[in-house]
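The values are calculated or read from the model by the stated rules, or taken from the named source; none is laboratory data. Just so we're clear, the structure is a prediction, and the values are computed from it rather than from any experiment. These area figures cover heavy atoms from the full protein model, side chains too; ligands, DNA and RNA do not enter into them. Shrake-Rupley method; radii C 1.70, N 1.55, O 1.52, S 1.80 Å.
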Amino acid sequence: MFRSQVSNAPGWPQFRAAYGVDSFGGDGYFTRAVQNGYNLFYFTPDYGKRFTRKTAADAVHSCSSCHTAEALAYGLVNSDRFDAGLDRRVSFEERVMRCYAGPMDGFIPTLYDPAVRDIRVLARAVAHHLRLSEGARTDGS
């Protein structure tokens with residue numbers, strides 16, 4: 001479920017400015033989804049309790065314990081790649097779901113869960129700032 005009000009977690013104003021989130025609008029659906037993704041990514045035990053059994057006492061207790069926002073963006077634009085271990089293509093969303101279930105030791109969300117969607121939207125916003133795009137370039141540059 002999408003919430004119209006998203007809490008201001010520590011560091012959000014700085015992140016918002018650094019990655020130009022306001023270029024998508026000061027207060028719109030996309031901006032609020034980015035903010036919710038930010039909250040989930042940096043403060044998983046507080047904003048995504050069901051997706052982790054970890055606490056702040058654990059060394060790895062949030063998505064940002066293992067990943068950076070930039071790595072998330074690169075993961076998004078390079079997603080849907082063949083995984084030899086699984087012998088099939090794996091989407092960005094499935095990788096997020098596997099992270100929640102594996103390293104975070106939590107509940108496995110569905111593909112359509114806002115916790116998966118908003119992590120993707122966060123990655124998309126950072127990728128936009130870094131001028132990364134999905135897919136193969138066809139313009140020869």
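Want the number for F30 to L86: 0.36 nm per residue separation, take away the alpha-carbon distance, what's left?
Extra length from F30 to L86 when fully extended: 16.9 nm.
Of the accessible area of the stretch 25-129, with the probe set at 1.4 angstrom, what percent is carbon plus sulfur?
On the stretch 25-129, the fraction of accessible area on carbon and sulfur atoms equals 55 percent.
Please give the solvent-accessible surface of E70 in Å², to the nearest 10, using a probe radius of 1.4 Å with every protein chain present.
60 Å²
In whole Hz, what ³J(HN,Hα) sequence does the stretch 61-69 give by Karplus (6.51, -1.76, 1.60; θ = phi - 60°), x for Gly and Pro?
For the stretch 61-69, the Karplus-derived couplings read 9, 8, 4, 5, 5, 10, 10, 9, 4 Hz, x marking Gly and Pro.
With a/c under 1.5 counting as rounded, go ahead and sort the chain into rounded, prolate or oblate using the C-alpha gyration tensor (a ≥ b ≥ c being the square roots of the eigenvalues; past the cut-off, prolate if a/b is larger than b/c, else oblate).
In terms of gyration-tensor shape, oblate.
Output ³J(HN,Hα) for the stretch 28-39: one whole-Hz value per residue in order, computed from phi by the Karplus curve 6.51 cos²θ - 1.76 cosθ + 1.60 with θ = phi - 60°, and x for Gly and Pro.
x, 4, 5, 4, 5, 5, 4, 5, 5, x, 4, 4
Given the C-alpha centroids of the stretch 11-29 and the stretch 59-116, what is the distance between them in whole angstrom?
Here the answer is 23 Å between Cα centres.
Using alpha-carbon pairs under 8 Å, 6+ residues apart, how would you state the relative contact order of the chain in percent?
Over the chain, the number comes to 27 percent.
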